[in-house]
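Report on the structure given below.
The values are calculated or read from the model by the stated rules, or taken from the named source; none is laboratory data. Keep in mind that what you see is a predicted model, and the values were worked out from it rather than measured. Quick reminder, even Gly has a Cβ in these numbers, built from the backbone with ideal geometry, and neighbours come from all protein chains shown.
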Amino acid sequence: MIHDQINNWRLYFKAPIFENIFSELAQLNIYTPDGVYKNHSDYYFKVMSYETQSAPRIIESHIKEVDIQILFSGKEKIKLYDKNSVQIEKSYDEASDCQFYQETSSPTSDINLIPGFMAVFFPQDIHHPQFSVDGQINTLKKIVIKVNAKLFTS
């Protein structure tokens, strides 16, 4: 898992394709309509708007894709778990590249995601998004860049 300023992306992503990814990201903004933008075989963009919650249910991980999560507006707490803190609720679905979990013990840590920062979740990172920060429910404008995990193995 990585949590850092978006401007520091070059510290973590060395493959030339990331120049393209972050260049395309710069073309998106708070006014970009919600939707899935698939123009490439190795990555795509999911733009979404939703309200944070006091008790969201989605605890997930992925196998084929790495999530680069970025907020255009709002703030969101994301909890992180190790595999011993959860049990599988819904087995891995290859079509959605998701496995869902139930919490069995406390998260190992959490982060507060705000505009200007990114959170990167690799296949081993079990994450629980959509939490409100400081009990304040707010509407987010979020982009998740879904990157083929194979780009991180070479």
Tally time: how many residues in region 121-150 are of a type outside the set (Lys, Arg), in contact with a Phe, Trp or Tyr (Cβ under 8 Å, 6 or more places away or on another chain) and either without any contact (Cβ under 8 Å) to a residue 40 or more places away in the chain or farther than 20 Å from Ser96 by Cβ (or both)?
2
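Results for (1) of a type outside the set (Phe, Trp, Tyr); (2) in a loop (DSSP other than H, G, I, E, B); (3) free of Cβ contacts under 8 Å to residues at least 60 places away in the same chain, shown as yes or no for each residue.
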site: Arg10; (1), (2), (3): yes, no, yes
site: Phe13; (1), (2), (3): no, yes, yes
site: Asn20; (1), (2), (3): yes, no, yes
site: Val36; (1), (2), (3): yes, no, yes
site: Lys46; (1), (2), (3): yes, no, no
Which condition from (1) surrounded by 15 or more Cβ atoms within 10 Å (Cβ to Cβ); (2) over 27 Å from Pro16 (Cα atoms) is the one that Ile58 breaks?
(1)
Tell me the residue from Phe72, Phe100 that is touching a residue at least 12 places away in the same chain (Cβ under 8 Å), over 22 Å from Tyr43 (Cβ atoms) and outside any loop (DSSP other than H, G, I, E, B), please.
Phe100
Filter result for the condition that a residue is β-branched (Val, Ile, Thr), modelled with pLDDT of 95 or more, closer than 18 Å to Val120 by Cα and not in a strand (DSSP E or B), over Ile78, Ile63
Ile63
Region 6-40: number of residues that are closer than 21 Å to Pro123 by Cα, in contact with a strand residue (DSSP E or B) (Cβ under 6 Å, 6 or more places away or on another chain) and at pLDDT 95 or above
4
Which residues, taken from region 107-154, are assigned to a loop (DSSP other than H, G, I, E, B), more than 12 Å from Leu80 (Cβ to Cβ) and not charged (D, E, K, R)?
Ile114, Pro115, Gly116, Pro123, Ser132, Gly135, Ile137, Asn138, Thr153, Ser154
Going through Asp134, Asp125, Asp93 one at a time, which residue ends up being crowded, with 18+ Cβ neighbours inside 10 Å and among the charged types (D, E, K, R)?
Asp125
I'd like to check something: does region 84-93 contain any residue that is within 22 Å of Ser41 (Cβ to Cβ), without any contact (Cβ under 8 Å) to a residue 60 or more places away in the chain and in contact with a Ser or Thr (Cβ under 9 Å, 6 or more places away or on another chain)?
yes
